[in-house]
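J.: Quick one: the structure is below, and I'll ask about it shortly.
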Amino acid sequence: MLLNRNAKKWIIRPDGKEKVTGELRYLTDLTAPGMLHGKVLRSQYPHAWILAIDTTKAKQIPGVRVVLTAADVPGLNLFGIAFPHQPVFCQDRVRYIGDALASIAADTEEIAEYALSLIEVEYEPLPLVDNPETALEAGTIMLHPEGNLLHQTSLQHGDTNIEEVFETCAHVVEETYVTPRQMHTYIETEGGLFIPEADGRLTVYSPTQHGYKDRFQLARILGIPEEQIRVVSSPIGGSFGGKDELNVQPFGALMARKTGKSIKMHNSRRESVISGIKRHPMRIMMKTGTDVHGKLIAHQVRILADTGAYATLGCEVLNFATEHAIGPYTISHLDVEGKSVYTNNGVSGEFRGFGGNQVIFAVESQMERLAEKLGMDAWELRKRNLRQPTDPGPMGQPIVATEGAAQVWAKAQESPLWAKRKRYAQQPAAAAPEPWLRRGVGAALVMHGAGLGFGIPDHSGGRIELTPEGKIQASFGFEEFGQGLYAALTLMLQDCFGCAADDIRIVIGDTDRVPSSGSSTASRATTMMWRALQRLKPAFVLALLEQASLLCGVPAAELATGAGGIHHKGDEFGEPVVTYAEVAAAAATPILAHTEFNYPTTPEGRVGAHYLYSYAAAIVEVEVNTLTGRVKVLQTDHVIAAGPVINPMGYLGQIEGGSVMALGYTLTEDAVMKDSKYVRHNLDTYLVPTFSDSPLRIQVEAIEELPEGDTFGPRGVGEIGSVGLAPAITAAVRQATGIWVNKLPISPEDIVQSIDWLEGVEASD
């Protein structure tokens, strides 16, 4: 299905008007009477011993209500979504520039800022570890007691002596690829409102992707039962993985409990840059060999990831990168090793694509280079090595079979850009009217796993009930951070019950009101909501129909749910025989259903191995200005095989949004660090794509078919639209200019310096 405004089920998102008009109140917009303003003191050094912290002067400032340090943490002075590793407050050592030493709550922001400047910290600077390669060298100072290696992965099959296999290959390509440290750059920076309630509980209004996980972590830090904390986590002004980890919540919660006053916190962009997590920068060495016919024979990969000062999800990101380091291909002999290394650089963690973006850039670039060596079309080379539906997963694990890889490969050739790709290949650059403007078309193929993976708890659940007012209320522990959850769930409920949008009420993102559904991450929320409704529907509908039958005297078997209430079967669009409100009023007990289950996982495999995969192709047309080195993406076509489309508008928005985010990753974005300090602190120098940088045309084609017997339903598409764009762009740059790109973002200087200015110019006497 070609997604556009004529697509089936195209609806305006329920929260759309409030967002575009600015009426929507995000959690960082909230205030409370008599609230205090909280601020955090960050380290002056990326690496140093802390010899002393003196808060005496700060405490003496009128209007300062509390100053906290590590000594004031009643529970665990550590946090981390996978395991507690990062200090709430550092007390003996700082390891990166975003480390917190103290926090202050005061009557005004100005007083809090001034008081921060009066806190005296005595440091003893330590040697910097600002390069993951040197971090592993003998004699380098250890950043943690266990050393500087956070995590190591290994994946092999075939001949154990892969170097001997390479000697038998007809063609071998060996290259090193470098990817940048990317910021999430959400429109709403980290913050929240923390309210101590009269009954002793704490209410936390703070944007997060996993309210229950935040509650669990905050309970450990505060030293109180989880039930004494309520976390309200929606709506959120963007996240992309950056708010799955705790940020300001420990400080706001501690100060609210200490003062008995509401605490407002909201990071400036500069503080968000300094303290927030980023996409893992990686250095990826790949060596890939084929036979004379283009069959992939051997593939060796070495991944080095800079995880920064603390673990967060560095292990899990490396696992994912290792798993996806072969792309959607079958290779006889494989040797993959990965290392995630501690440095004094900014903390790296979860980010849309979760390590897939980095390795897929490398894999797809290898395919382009090999095709050129073989004198073969790169798309044909991919087909010759494309995985088959019955093949095991990349880690040898059983996976759900789909035709997605072949479907995407074939459908991509129907893209309007495909004909341009062939035409540009035959047209000399110098023949263009403006020869300094060169155009090319490139493509890439993607396989992307969804869910948290084998061996990782991936629980979910949901509840549906008929409210006293006669509304069908769905409650889930997911969060809305721009992905279109409200619209998707509304459409799912209408599909399930034939009801009208007015019959529906949705409750999300509030630990007091919703069941635990797991994190809104890993492209899992749509699948989990759909599966929950399939489980909830039979019992809930039966209870509705039986109660309606008692009211109207019609057998339940002859009734059906529909718009406004219960209808005669076959007349769901007519007048209801009983309204939902009448059913609710007559019911002796509430009509509801609850379910708990886990995300589908492979029955056997290595930790992190996935079971459900989606496939995608990205086709891109670029224009390269060889005088300036600037690359402009003119058009982008995406083909996605991720099962049925629930919400066409949301689906299209996710692919378009992911594509533009990947545009920045490829062309402009790099959170550069010098001496383990961020060089760019704001959006005047850290350049994200604007509307004018975006392609004039983005086309999205959805392949909805699933094999017969596949009961897993729609797959999420929040990540897959961002994964394949970088290698497609660099392939297009190669066609346009003849330049190979192996480092992101693409450097205009490198383009200019690499241009053969005599290309196409005839020699003269």
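J.: Write down the Kirkwood hydrodynamic radius of the range 286-400, to one decimal in angstroms, obtained as one divided by the mean of 1/r over all alpha carbon pairs. Numbers along the way, then the final one.
T.: Details: mean 1/r = 0.0660 Å⁻¹.
Its Kirkwood hydrodynamic radius stands at 15.1 Å.
J.: Another one. So which aspartates and glutamates can residue 59 reach, going by Cα to Cα under 17 Å and dropping same-chain residues fewer than 8 places off?
T.: List returned: 72, 107, 109, 110, 113, 120.
J.: Tell me, what is the per residue accessible area of the range 312-362 in Å², probe radius 1.4 Å? Intermediate results must be reported in sequence, preceding the final value.
T.: Numbers: 610 Å² over 51 residues.
Averaged over the residues of the range 312-362, the accessible area is 12 Å².
J.: Hand me the GluC sites (Glu not before Pro) from the range 47-151 located in a DSSP loop with no more than 13 other Cβ atoms within 10 Å, in residue order please.
T.: On the way: sites: 109, 110, 113, 120, 122, 133, 137, 146; in loops: 137, 146.
In loop regions of the range 47-151 (DSSP not H, G, I, E or B), the sparsely surrounded GluC sites (Glu not before Pro) are 137, 146.
J.: Percent of alpha carbon pairs in the range 2-115 separated by more than 21 Å? Please list the in-between numbers first.
T.: On the way: 3744 of 6441 pairs.
Counting pairs separated by more than 21 Å, the tail of P(r) holds 58 percent.
J.: Something else about it: Principal axis extents for the range 271-336, Cα atoms only, whole Å, descending order, please.
T.: On the principal axes, the range 271-336 reaches 54, 16, 16 Å in Cα extent.
J.: Rounded to whole Å and ordered largest first, report the semi-axes of the equivalent ellipsoid of the range 590-673 derived from its Cα gyration tensor (root of 5λ). Display every interim value, and only then the final one.
T.: Values: eigenvalues 279, 69, 42 Å².
Square roots of five times the eigenvalues give 37, 19, 15 Å.
J.: In vacuum, with every alpha carbon of the range 344-437 counted as one equal point scatterer, what does the Debye formula give for log10 I(q)/I(0) at q = 0.11 Å⁻¹? Two decimals, please.
T.: The Cα Debye sum returns log10 ratios of -0.54.
J.: Still on this structure: Can you give the accessible area per residue of the range 580-697, in Å², using a 1.4 Å probe? Spell out each step's value before the answer.
T.: Numbers: 4670 Å² over 118 residues.
Value for the range 580-697: 40 Å² per residue.
J.: Can I ask one more? Peptides 506-517, 232-243: what's the order by average Cβ count within 10 Å, highest mean first? Intermediate values should be presented prior to the final figure.
T.: Values: 506-517: 19.8, 232-243: 24.4.
Peptide ranking by packing, descending: 232-243, 506-517.
J.: Helix-derived [θ] at 222 nm for the chain: sum -39500 (n - 2.57) over DSSP H runs of at least 4, divide by residue count, nearest 500?
T.: Working: 20 runs with 210 residues, N = 765.
It comes out at -8000 deg cm²/dmol, rounded to the nearest 500.
J.: Past 32 Å, Cα to Cα: identify those pairs from 373/743; 8/471; 9/569; 287/411; 264/677; 278/383, in the order given.
T.: Values: 373/743 21 Å; 8/471 25 Å; 9/569 23 Å; 287/411 29 Å; 264/677 27 Å; 278/383 34 Å.
Flagged as over cut-off: 278/383.
J.: Okay, next question. If a paramagnetic tag sat 7 Å from the Cα of residue 410 along the Cα-Cβ line, which residues of the range 1-42 would have the backbone N under 16 Å from that point?
T.: Of the residues in the range 1-42, 1 have backbone N under 16 Å from the label point off residue 410.
J.: How far is it, in nm, from the label point at residue 32 to the one at residue 216 when both lie 7 Å from their Cα along the line to the Cβ?
T.: Those two pseudo-labels are separated by 2.5 nm.
J.: What would the Debye equation give as log₁₀ I(q)/I(0) for the range 443-495 at q = 0.15 Å⁻¹, counting only Cα atoms as equal point scatterers?
T.: Scattering profile of the range 443-495, log10 relative to I(0): -0.67.
J.: Treating only the Cβ atoms of Lys and Arg (+1) and Asp and Glu (-1) as charged, compute the dipole magnitude of the range 531-657 about its Cα centre; round to the nearest 20 debye.
T.: Numbers: 7 positive and 12 negative charges, 95 e Å.
Roughly 460 debye for the range 531-657.
J.: Tell me, what HN-Hα J-couplings in whole Hz come from the Karplus equation 6.51 cos²θ - 1.76 cosθ + 1.60 at θ = phi - 60° for each residue of the range 593-598, using x for Gly and Pro?
T.: 9, 9, 9, 9, 6, 10
J.: Now, a different point. With the cut-off at 20 Å, report for the range 158-316 the share of all Cα pairs above it, as a whole percent. Intermediate results must be reported in sequence, preceding the final value.
T.: Working: 7768 of 12561 pairs.
Every Cα pair in the range 158-316 considered, those over 20 Å come to 62 percent.
J.: Over the range 302-391, with every protein chain in place, what whole percent of the accessible area is carbon and sulfur at 1.4 Å, could you tell me?
T.: On the way: 830 of 1850 Å².
Ligands and nucleic acids excluded, carbon and sulfur give 45 percent.
J.: Please list the helices of the chain that count as membrane-span-like by this rule: a mean Kyte-Doolittle hydropathy of at least 0.5 together with Cα atoms stretching 20 Å or more along the helix axis, each helix being a complete DSSP H run.
T.: Numbers: long enough: 356-374 (27 Å, -0.09); 525-552 (38 Å, 0.74); 648-667 (28 Å, 0.55).
Helices passing the filter in the chain: 525-552, 648-667.
J.: So, one more: Need one number: the % of Cα-Cα pairs in the range 148-215 sitting beyond the 18 Å mark. Please list the in-between numbers first.
T.: Working: 1662 of 2278 pairs.
When every Cα pair of the range 148-215 is considered, 73 percent fall beyond 18 Å.
J.: Then there is this: Calculate I(q)/I(0) for the range 587-626 by the Debye formula, one identical point scatterer on each C-alpha and no solvent, and give its log10 at q = 0.20, 0.31, 0.32 Å⁻¹ to two decimals.
T.: -0.83, -1.10, -1.12
J.: Using Stokes-Einstein with the Kirkwood hydrodynamic radius over Cα pairs, what translational diffusion coefficient do you get for the range 515-618 at 37 °C and a viscosity of 0.692 mPa s, in µm²/s rounded to a whole number? Write down the numbers at each step before the final one.
T.: Numbers: Rh = 16.6 Å.
For the chosen part, D equals 198 µm²/s.
J.: Using R₀ = 22 Å, calculate the FRET efficiency as 1/(1 + (r/R₀)^6) where r is the Cβ-Cβ separation of residue 687 and residue 19; round to 0.05.
T.: Values: r = 24 Å, r/R0 = 1.09.
The value I calculate is 0.40.
J.: What does DSSP give for the chain in terms of the percent of beta bridges that are antiparallel, rounded to the nearest 5?
T.: Details: 100 of 130 bridges.
So the antiparallel bridges amount to about 75 percent of the total.
J.: Based on the Cβ-Cβ distance of residue 167 and residue 672, what FRET efficiency does E = 1/(1 + (r/R0)^6) give at R0 = 51 Å, to the nearest 0.05? If you can, show how the numbers build up before the last one.
T.: On the way: r = 40 Å, r/R0 = 0.79.
With a Förster radius of 51 Å, E is 0.80.
The values are calculated or read from the model by the stated rules, or taken from the named source; none is laboratory data. Given the structure is predicted, the values throughout are model-derived calculations rather than measurements. All Cβ positions, even for glycine, are placed from backbone atoms using ideal geometry, and neighbour counts span all protein chains on display. Calculation scope for accessible area: heavy atoms of the full protein, side chains included, ligands and nucleic acids excluded. Shrake-Rupley method; radii C 1.70, N 1.55, O 1.52, S 1.80 Å.
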